[in-house]
Amino acid sequence: MLDHAALRAQFPILQLTENGHPLVYLDNASTSQKPQCVIEAVARYYAQQNANVHRGVYGLSERGTQAFEAVRDQIKELLNAAQREEIIFVRGATEGINLIAQSWGRANLQAGDEVIVSEMEHHSNLVPWQMLRDILGIKLVKWPINAQGELALSTLAGLLNARTKLVCVTQMSNALGTINPIAEIVELAHQYGAKVLVDGAQSVSHMAVDVQALDVDFLVFSGHKMYAPTGIGCVYGKRALLEMMPPYQGGGDMIYKVSFEHTEYNQLPYKFEAGTPNIAGVIGLGEAIRFITSVGFERIANIEQDLLNYATEQLGQIDGLRIIGTAAHKGAVVSFVIDGAHPHDLATLLDQDGVAVRASHHCAMPVMQRFNVPATVRASFGVYNTREDIDRLLVSVQDALDMLR
């Protein structure tokens with residue numbers, strides 16, 4: 001049996017108070033808190049291992065390189081990638097999508113080609129394709145969501161055609177919590193010869209993701225949403241695609257040979273990793289993966305599903321409250337609006353009780369437009385959250401409504 005109190009105690013920030021109240025942190029879809037093991041791994045790197053990787057022949061650098069590259073192997077196992085060369089370190093999911101757009105997109109798309117983007121995407125999986133549209137003349141096709149916040153495969157089938165080159169879709173919506181049927185989406189897209197890019201920023205810390213079983217062409221994620229440091233993330237791409245893609249950035253370490261007249265690029269994955277990487281971030285990401293695997297995805301799912309069910313049931317009893325996103329298959333995210341209370345005002349009052357939630361468009365303005373709301377209050381859960389946290393949320397919401405009405 002999992003000792004949940006002991007697990008929670010591994011996160012020192014949860015011992016803080018906010019405005020005189022114990023902190024209740026419910027903004028995990030934005031960023032997760034860090035366990036002590038991750039904090040110590042980063043500190044240990046700077047205190048005992050700090051040296052640049054891939055460059056030095058002295059012991060400190062070689063040990064740092066070994067630790068750095070070991071994390072690439074961890075991610076290969078985490079995602080069940082076929083080869084370690086398919087794992088590229090970036091700053092996060094946003095940079096990963098920009099890499100794919102500017103490298104694969106520029107090399108493979110031309111005027112008249114179509115890219116399907118779901119209506120529930122984070123801005124980072126929409127704006128880069130808009131930028132490319134303005135340069136290349138490609139067409140962006142919206143895959144709309146229904147009233148429950150779901151994507152229908154039948155609707156996708158009606159959008160796919162011979163001109164479709166790419167489908168961009170999140171595995172789990174940051175604004176709605178919807179979990180999408182990626183394997184079925186990939187199978188359908190591949191029937192038309194289209195590639196599939198999956199935004200895994202919200203999913204990789206909550207569920208097992210097998211890129212080979214899903215047959216995705218690209219997948220990106222951010223470390224900071226999975227108990228790791230900020231500024232580190234990953235692109236997974238099928239090797240055959242990555243081999244054909246030109247480098248995204250130029251500089252040190254992404255080269256094999258350089259003269260003033262010509263440059264030969266490094267092999268995978270290094271041709272996409274220009275400059276000194278976020279070494280400490282990679283080390284912290286490796287420790288976060290160890291933490292997640294020690295807990296186990298089944299336990300994580302059980303904890304978070306219980307929290308989701310409890311929060312949905314309890315919030316549904318508040319007069320005037322409407323949950324935005326009621327998909328049949330959801331992750332641990334509850335977004336809501338309440339009659340007579342602006343989300344920003346509500347979140348400000350909750351903060352006075354030490355309850356941290358997000359109130360915004362969640363970098364998903366098309367979702368807000370779809371549901372005709374300016375913003376939502378979003379409570380999103382991590383493995384360390386408890387039913388008591390939700391009880392605190394409920395009391396604070398009711399107190400806030402008493403003040404606002």
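The values are calculated or read from the model by the stated rules, or taken from the named source; none is laboratory data. The structure displayed is predicted, hence computed values, not measured ones. Neighbour counts are summed over all protein chains in view; Cβ atoms, including those assigned to glycine, are modelled from backbone coordinates with ideal geometry.
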Checklist entry - Would you call Ala82 at pLDDT 95 or above and under 21 Å from the mean Cα position of the chain (by Cα)? => result no
Checklist entry - Across the stretch 346-377, what is the total count of residues that are touching a residue at least 60 places away in the same chain (Cβ under 8 Å) and over 23 Å from Val117 (Cα atoms)? => result 8
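Per-residue answers, yes or no, for (1) touching a residue at least 24 places away in the same chain (Cβ under 8 Å); (2) crowded, with 22+ Cβ neighbours inside 10 Å; (3) touching a Cys at 6+ places or on another chain (Cβ under 8 Å):
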{"site": "His190", "(1), (2), (3)": "yes, no, no"}
{"site": "Ala201", "(1), (2), (3)": "yes, yes, no"}
{"site": "Met226", "(1), (2), (3)": "yes, yes, no"}
{"site": "Gly231", "(1), (2), (3)": "yes, no, no"}
{"site": "Cys234", "(1), (2), (3)": "yes, yes, no"}
{"site": "Gly237", "(1), (2), (3)": "yes, yes, no"}
{"site": "Tyr248", "(1), (2), (3)": "yes, yes, no"}
{"site": "Glu264", "(1), (2), (3)": "no, no, no"}
Item to check | Meets criteria (free of Cβ contacts under 8 Å to residues at least 40 places away in the same chain and under 26 Å from the mean Cα position of the chain (by Cα)) for Gln36 | outcome: yes
Checklist entry - Among the residues of the stretch 134-152, which ones are closer than 22 Å to Met368 by Cα and out of contact with any Gly (no Cβ under 8 Å at 6 or more places or on another chain)? => result Leu140, Val141, Lys142, Trp143, Pro144, Ile145, Asn146, Ala147, Glu150, Leu151, Ala152
Item to check | Residue in the stretch 337-354 that is modelled with pLDDT of 95 or more, in contact with a Phe, Trp or Tyr (Cβ under 6 Å, 6 or more places away or on another chain) and under 24 Å from Asp306 (Cα atoms) present | outcome: no
Checklist outcome for this item: Of the candidates Leu60, Leu79, Leu26, the one satisfying the condition of being crowded, with 17+ Cβ neighbours inside 10 Å and either free of Cβ contacts under 8 Å to residues at least 60 places away in the same chain or assigned by TED's automatic domain parsing to the domain that holds Ala332 (or both) is Leu26
